[in-house]
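The values are calculated or read from the model by the stated rules, or taken from the named source; none is laboratory data. All values reported here derive from a predicted model rather than from experimental measurement. When we count neighbours, we look across all protein chains shown, and the Cβ atoms used for this are built from the backbone with ideal geometry, even at glycine. Note: areas computed on protein heavy atoms with side chains; ligands, DNA, RNA excluded. Shrake-Rupley method; radii C 1.70, N 1.55, O 1.52, S 1.80 Å.
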There are 4 protein chains.
Amino acid sequence: MMKLPRRLSRSQLFEQIVCKKVGHVGHPLWSHPFSSRVGFPDSRQNFTHTVTKNASDRVYAAYNVYKGKAGLSMKPCLPTFTKLESGSLVIDRRGSVMLSFFPAIGERKYDWTKKQLFALSPTEVGTLISLGPRDSCEFFHDPGMLSSTAGQVRKSLTIKAHADGNGYFISLNVVNNSQNTKDFLSVPFTAGEFSVMKTACSFALPHILGWDRLTQPNPGMGKDFQPNKVDREALSLEWER
Amino acid sequence: MMKLPRRLSRSQLFEQIVCKKVGHVGHPLWSHPFSSRVGFPDSRQNFTHTVTKNASDRVYAAYNVYKGKAGLSMKPCLPTFTKLESGSLVIDRRGSVMLSFFPAIGERKYDWTKKQLFALSPTEVGTLISLGPRDSCEFFHDPGMLSSTAGQVRKSLTIKAHADGNGYFISLNVVNNSQNTKDFLSVPFTAGEFSVMKTACSFALPHILGWDRLTQPNPGMGKDFQPNKVDREALSLEWER
Amino acid sequence: MMKLPRRLSRSQLFEQIVCKKVGHVGHPLWSHPFSSRVGFPDSRQNFTHTVTKNASDRVYAAYNVYKGKAGLSMKPCLPTFTKLESGSLVIDRRGSVMLSFFPAIGERKYDWTKKQLFALSPTEVGTLISLGPRDSCEFFHDPGMLSSTAGQVRKSLTIKAHADGNGYFISLNVVNNSQNTKDFLSVPFTAGEFSVMKTACSFALPHILGWDRLTQPNPGMGKDFQPNKVDREALSLEWER
Amino acid sequence: MMKLPRRLSRSQLFEQIVCKKVGHVGHPLWSHPFSSRVGFPDSRQNFTHTVTKNASDRVYAAYNVYKGKAGLSMKPCLPTFTKLESGSLVIDRRGSVMLSFFPAIGERKYDWTKKQLFALSPTEVGTLISLGPRDSCEFFHDPGMLSSTAGQVRKSLTIKAHADGNGYFISLNVVNNSQNTKDFLSVPFTAGEFSVMKTACSFALPHILGWDRLTQPNPGMGKDFQPNKVDREALSLEWER
């Protein structure tokens, strides 16, 4: 069992603050949990509130694994971007791979209303896709972390290799102290199913980081984009600082 | 020889029902083999019968391996989507990697009319691409499963590593009880040819899952798409349930 | 040293015929080296001579490795397609990864006029990307194979791991009997350079197979393309044969 | 510790010349550090000074790892292209993966003004993504190399595996002799964070090489592009030299 080392916990914390606050504040950049002397490029200029909508909100194509006691559905959630007045796009909310666990309530019947969610961060996706056939890992999320509801809901996701190295158990444990409930949902994955998960997550990772936007010749940000203007500043980045 | 464990057989069954019924019914969602209390998002609203057509129906670019006794041709088959009235796309038929085996009938002559097909599901593709140089696997398909023709045709695909770890035999066995025929088609793959197959299948896997649609900033579903509306619901998925 | 087994040589032969003849004949499909009872889908209908042009003919972005005695430049060459009257695209000439070797003629000076070419087929690319840190392989090409010039020019490409597993020698040997010349060009690759080559070739492989065209929702073949027509035939491929 | 072998140092040198000079000269091709008898295709024709702008200049989506003493931010920088009068695109400046190190100045506070940059070349990216869990490597950059400021600033990047194989230290050492300063910034990476870095860099590598442009059916270079003209020359490249 490979627990994530302590030094990761703080960045996990930050990630959750960002995800949580975005839903409540109008100016996403203000929720950035770091202070710095100079700060973010362009951060002193005004920006519009435009947040880009993603295909993942409109297309239903999750990869589903249905087993006897529970099922697991997964799909990528793209990051959202804020468009500055300059026309630049700034990442607003990190993307994730969303896991939905749902219990079986009979033969081939599943209760979708009792689903439990777990959003894998990019680093957790990185951990998952680097697992060898006998490795395991565990991730902890507290949706209320750093807020007044901290500790009320605790989620832990465990990916545990079978002893024979030929598959995994993927299990979600949710303890809700305010509702006094405990949920445990576990789905056995064959080696083939886990291979699909790893391959699909490897494909999704650059997209949930937003790097697919960085590697397009044209960012598709409207017709005011000037493809022919030389950005001399960028050319000498490493060398002239 | 790594046989797929029993627990996979049921999901294979479901997959085949879906594939089979789509050809016969007008409302693809009705053929969904699971019942649930709440069911699929948007499933209670009306939907149009529009199914998206794929490039794979119009472009011929299979990867072909021709050997002495038989040949094997493979290509990805994309999933089809149903467009709901809301404009959302719901996956309708899972994609696959279609294998076509055809016998040799002379030197460099192959009889395409005697081809036998085997559609690898996403999970079977996942199994294939995770095979090590000495691993093997076997998949079973019954095109008539759960219908009145169950058991009439039985197909099994075997991928078996050479003893020296330097290649594989890919073999299809088809027993047709109603026509009283047996076909056995086997194609030896070099390590290089299998590497092409694995790399091409890894590339294809996110596409046959439909995840390429999930990772596009714009799903390309027409001009009624509103890229700037914030989907507040999605932002707080894990945190506010 | 892993020589490609005998059974590959025939398909290599076919590949070269196709590549060679395309330059000479007007009807590319006629140069298809296989005969079959039923043949290629749509092959009996008329087809236009339109062959799609590729970006690789207009963009110069080779990966170059310059060493003391020679340099090596590589880039993908996309397949070409023939557009049938039905609007379908049929692959015409297989893609490849083109290697160009050129000798050094002084310090940091290379003679591009003496370059020697070697076009890696998809299967050869597959072999290359599956090489472990101590593996080696060798490929043979005869540009005149099956023609009156067979045997006049013989090319062999060798990829040979360093004894310490930390790099490779990539060497091209060209014997031209008609011109009575022998060329030997060898370029040492560090592990990092070979990693670039493997990663870039893995990226290129689906493209030189033409599978990128198969995985696009819209093949971009003009406005006569009907995205909403259901292809019932494709839906039941495996099941109704 | 795997130091890059000597034979790489010269090509690293060239790379830096190209990067450096582009900022100062009007004709990027003139800064090409190689001479050859025939030279670059199209090099004798006139060319425009148009350099394509990249999305990476307008989209902010770096992958950031924040730790106690320093943080590390990474993002791909696409190559720039020069458009010739013929309409062809010639790579002008190689792409890179830009690493930005910045020191912590308090709890969760980082001083972005003291950031130090290190631009990983394609070959350095190749080295990074081929590192095993116990491998290490070191890269040296001299921004002033071959100029009058050679040796004034020396940068070395070290990636060093933890002894237990479960993560890495990524450290940048910058010695500036003219300012008489020394900076050392080190960021511990968990296995999961390094897996993100490797996956994201593998995704980025074909793009920083410019190979994504080579694998598009249409390079998107304007409407004067003729997709139907057969390039006979390319068809017979290997065979007719």
| Put a dot 7 Å past each Cα toward the Cβ at residue C:183 and residue B:178; how far apart are the dots in nm? | 6.1 nm
| Within the set D:109/D:155; A:198/D:114; B:198/D:67; A:67/A:198; A:198/C:198, which residue pairs have Cα atoms separated by over 27 Å? | A:198/D:114; B:198/D:67
| said: Using a 1.4 Å probe and counting only protein heavy atoms, how much accessible surface gets buried when B and C come together, both sides summed, in Å² to the nearest 100? | reply: 5500 Å²
| If each of residue B:146 and residue C:140 carries a label point 7 Å out from its Cα toward its Cβ, how far apart are those two points in nm? | 5.4 nm
| Cβ-placed point charges (K, R +1; D, E -1), dipole of the stretch A:86-154 about Cα centre in debye, nearest 20 | 200 debye
| note | Residue by residue through the stretch A:96-113, the couplings from Karplus 6.51 cos²θ - 1.76 cosθ + 1.60 with θ = phi - 60°, in Hz, x for Gly and Pro, are 7, 9, 8, 9, 10, 9, 9, x, 7, 10, x, 5, 6, 10, 10, 9, 5, 5
| task | Tally up the carbon and sulfur contribution to the accessible surface of the stretch C:78-126 as a whole percent, 1.4 Å probe, everything protein left in place. | result | 46 percent
| task | State the percent of C-alpha pairs, over all pairs in the stretch B:128-204, separated by a distance greater than 20 angstrom. | result | 41 percent
| query | For the peptides B:64-74, A:105-115, A:75-85, what is the packing order when you average, over each peptide's residues, the other Cβ atoms within 10 Å and list the highest mean first? | reply | A:75-85, B:64-74, A:105-115
